[in-house]
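Report on one structure; see the data block that follows.
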Amino acid sequence: MSNDGLKSNRLPSAAITELLKVADWLQSEKAKFQNVDDVNICNNREGLTKATSNLISQFATKVIRASSENRVTAIHFTKSAVVPVEQDWAVYFIPVHIVEGPVMVGDQKLDKGDYCHLEENVEISGDFYAVLLLSRRG
């Protein structure tokens, strides 16, 4: 799991303003987080899609081609976990609400308002909520 090419980027300013709204929704009971294999995953996909639509629309035009297949998910990280990246997919990893401590992606610290593009499995650590936008390359 080498992350030599891992680079963080700043979200567009319009997307940063949407982070608070998404953070509020993710911390509400509407998100319906469920523990799956020791990872807390948002189980309300329809609600997540609606809650993140403005954030994603402000962000996605910079990074995703319209013809790509896209999915969105959210995870509440409370301990180290590996984010798997399937072959032919890319993951745009967006910390939304930091509960405590730094957000670490591999050995790189991400600040609020930053995101990173993952092309391979990477270890993530910290106590925070994140939105992951998955995009099929092709």
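List of remarks:
- Net charge dipole size for the chain [Lys, Arg +1 and Asp, Glu -1 on Cβ; Debye, nearest 20]: 560
- Whole-angstrom gap from region 73-133 to region 18-34, using each part's C-alpha centre: 16
- Of the residues Pro102, Phe128, Trp25, the one whose Cα sits farthest toward the positive end of the charge dipole of the chain, with +1 on the Cβ of Lys and Arg and -1 on the Cβ of Asp and Glu, is Trp25.
- Chain lengthening between Val36 and Met104 when straightened (0.36 nm per residue, less Cα-Cα): 22.3 nm
- Our summary gives the chain a relative contact order of 32 percent, counting only alpha carbon pairs under 8 angstrom and 6 or more residues apart.
- Whichever lysines have a C-alpha closer than 21 Å to that of Lys30, once near sequence neighbours (fewer than 8 apart) are set aside: Lys21, Lys50
- Rounded D (µm²/s) - region 36-138, Kirkwood Rh over Cα pairs, Stokes-Einstein at 37 °C, 0.692 mPa s: 235
- Mean Cβ neighbour count within 10 Å, used as a protection proxy, ranking 112-119, 29-36 highest first: 112-119, 29-36
- Extension gain, His117 back to Lys21 (0.36 nm per residue minus Cα-Cα distance, nm): 32.3 nm
- Peptides 96-103, 121-128 ordered by average Cβ neighbours within 10 Å, highest first: 121-128, 96-103
The numbers here are math on the coordinates, done by the rules we state, and not lab data. The structure presented is a predicted model; accordingly, all values stated were derived computationally and were not measured. Cβ coordinates were reconstructed from backbone atoms using ideal geometry, including for glycine residues, and neighbour counts include every protein chain displayed.
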